[in-house]
């Protein structure tokens, strides 16, 4: 259903919506109402009735999408019509009120309707792009599997780090501790810290290699993580300790390489996890706006109708 | 120090005394190594990760990290940190929650699960606690409760509060005087559109007009509360109009459309509802019906509007003028009988001018224009009434006796002529010239004003009395003299002293049901509409007919109310006939009309179809 709702039935619902808009504009242009154009004319009532029926039908989509049984009017068709008729409502609703806006509940109802439609347009963009991005990011996996993978990596990395050096273990434990609580919710900064930590280890291993082979030592830049609040108080000392330990070859190089591989693997997983959460959060936040706005619009519509006939 | 560490207790379950680790030592070490007091196989822990010991003389405990990266207290990495109740010490998945010391132990803590630690830590994370809590709650938030919240909020703000304000004036007053957001919740926020500027003073008082409550139209009585003297459209009794056929105020006066809009003035259809066949609603009305397809096509106004009907002085009964409505295309009856004779616009408006009486021997040419006599009134709507003394007497002097050529009769009161003459002749020698003869006019011009001769009358005859002489001269003045030059004299009895003239009565308002402003039409000039250059008779009606108006006014730029008024009937006010007590006796209208019963009702002239 990803993109099919856009061109469902050869854009049938787009054509219907455009036709509806054109007829409304045409009627609005030729109508000669009593006083200025407003909802209080035969055209105003006509457009208002059509708009109200469309709103009720649009909101009913929330019920329809939970009915999983197949009908002649498939969910894709329903969604396609939902999108296009919802957009047409922008024209119909505006012509209904005759561009009369004031500080009253009718204008508030109109604003709610416009906000709902605009949020719906954002939703269309999201649903056209985000599912593809999610698939490209984690493939067939899911967030739970990624978390389990990261836990496994953490345990392996800690075990290898312990075998390498206590300082390396300490740093690794710290980084895991940092990411452990922060893994839910996702935090981009933690991911960056992890990557920087990986870079630190890489730089340290290069320095180690240089000292062992008597080559010119490579200057180790202070990594970002060590300047952060969560870094150990004396990062230079930590780094120096790692380098010295590695320089005396107290840890085997193979283990170090395994650790680096695990760190990189974890960083990649966290990056995927983070992006997955970002994408899913966007959809959730969108729903958090669109659904309440839709219901608020429906309620405001009922109040609008009641108040119009109240006096 | 005495330590007591609780472990293995399940939340909500009775405390298990055996699940306590109690010991006495200088410190409590945490790590993977078996010689620690608290040993954890947590892979995140170092062999010796941290140590808890007394904080010193001040009491309490503190924790010191044994690793360079520090130990995590309340989510923050610390080298050394004092511990207070409810702090969380974390080593990987191992979490220790500090509790308040009891009388027997200096340090009490419990080992908690990562989930418990996560919940407790929310309160200790950096940043504002409330914001952290809100963030955590937002993260857990689901769509459905948010949607319900939106529904309830919308109902509250847009329905419950405004509806309450409708019935609680104090709340409404409070909301109306608040911010724009609060005004949007007041009772007026239900207003379907702007109130017209005519009602702007009561725009915020819905109950002033909506007196009958919800879901009902504004009743007419609400309008009459202020507009109590508003007049009916026409005399209901004369036309026998069905009162239930009368439109409501709100049918024509629609509020809440725009701030400058109240009357459906541009709605021809509104008037046609009744006037297409007026007899349906007013059986005795003699108004002409308007074709149903009056509007909608170009210049239909010109082709479909009935010819204008003038309300003109058509005849006199003694000195009482009769006003009759005559169609402007009814040339046979379209004659004004004002009581004036001999007047000709054509003669007065000669292009070469007319001889003026000024100078007496130096007569000059005077060129008259329309405005020489017809002066617009102060409002620029109509014309000031003509007065003999101001507009006529300069030329038409009331001299009456050729032997007294400078003496003039009084004007305006025919009954004063006989006493005047009697007094005049009583003081004059019989048969003699009263005044010296005037010098001959240069052009030998005869001034307007017929003087009568005394031929046949002999003042020396002793049988001729002053009364008899005066009666004879009175007879001559009325019948042949200056009076009959402009007026129609008549004698209601055989008594000569009773000579009178028909009192002129000019039609002051030719189209009493119409609105017209001369000032607005001044650019077309008088003769652009009034064809007076060829008018030779005072009976000529020189008022423009429909064709003259429709040269400019058609259905596209005109409507009924452009020319017609609505609330014009002088007999009733609407309140009195519809809602108030029935008017017992209709006051007679002391207007100038007798045959035309009232405005808007045509009483055709005799013979008029």
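Only one of these is surrounded by fewer than 20 Cβ atoms within 10 Å (Cβ to Cβ) and closer than 25 Å to residue A:130 by Cβ: A:45, A:84, A:68. Name it.
A:68
Can you tell me which residue in the range B:327-354 is nearest to the chain's Cα centre (by Cα), limited to those that are more than 21 Å from residue B:306 (Cβ to Cβ) and in a strand (DSSP E or B)?
Applying the filter and picking the extreme gives B:340.
Taking the range B:183-206 as the search range and keeping residues that are in a helix (DSSP H, G or I), within 11 Å of another protein chain (Cβ to nearest Cβ) and touching a residue at least 12 places away in the same chain (Cβ under 8 Å), which one is surrounded by the fewest Cβ atoms within 10 Å (Cβ to Cβ)?
So the residue we want is B:206.
From the list A:75, A:89, A:128, A:27, which one is at pLDDT below 90 and more than 14 Å from chain B (Cβ to nearest Cβ)?
Residue meeting the stated conditions: A:75.
Among the residues of the range B:199-210, which ones are out of contact with any helix residue (DSSP H, G or I) (no Cβ under 8 Å at 6 or more places or on another chain) and closer than 18 Å to residue A:40 by Cβ?
B:199
If you take the residues in the range A:144-161 that are within 11 Å of chain B (Cβ to nearest Cβ) and surrounded by fewer than 19 Cβ atoms within 10 Å (Cβ to Cβ), which one is nearest to residue A:268 (Cα to Cα)?
A:151
Is it true that some residue in the range A:278-288 is over 29 Å from the mean Cα position of the chain (by Cα), closer than 21 Å to residue A:57 by Cα, facing chain B (nearest Cβ under 9 Å) and buried (at least 16 other Cβ atoms within 10 Å of the Cβ)?
No, the range A:278-288 contains no residue that is over 29 Å from the mean Cα position of the chain (by Cα), closer than 21 Å to residue A:57 by Cα, facing chain B (nearest Cβ under 9 Å) and buried (at least 16 other Cβ atoms within 10 Å of the Cβ).
Which one of these does residue B:266 not meet: (1) in contact with a helix residue (DSSP H, G or I) (Cβ under 7 Å, 6 or more places away or on another chain); (2) modelled with pLDDT under 80?
Exception for residue B:266: condition (1).
Are any residues in the range B:468-500 part of a helix (DSSP H, G or I) and touching a helix residue (DSSP H, G or I) at 6+ places or on another chain (Cβ under 7 Å), and if so, which ones?
Listed by number, the residues that qualify are B:469, B:470, B:471, B:473, B:474, B:475, B:477, B:478, B:483, B:484, B:496, B:497.
Output the number of the condition that residue A:38 fails; it satisfies all remaining conditions of (1) out of contact with any helix residue (DSSP H, G or I) (no Cβ under 9 Å at 6 or more places or on another chain); (2) within 14 Å of chain B (Cβ to nearest Cβ).
(1)
Scan the range B:32-69 for residues that are part of a strand (DSSP E or B) and in contact (Cβ under 8 Å) with a residue 40 or more places away in the chain and report the count.
Counting residues in the range B:32-69 that are part of a strand (DSSP E or B) and in contact (Cβ under 8 Å) with a residue 40 or more places away in the chain gives 6.
Of the conditions (1) at pLDDT 70 or above; (2) under 29 Å from the mean Cα position of the chain (by Cα); (3) not in a helix (DSSP H, G or I), residue B:292 satisfies every one except a single condition; which number is it?
Condition not satisfied by residue B:292: (1).
The values are calculated or read from the model by the stated rules, or taken from the named source; none is laboratory data. All values reported here derive from a predicted model rather than from experimental measurement. Reconstructed Cβ throughout: ideal geometry from the backbone, glycine too, with neighbour counts over all protein chains shown.
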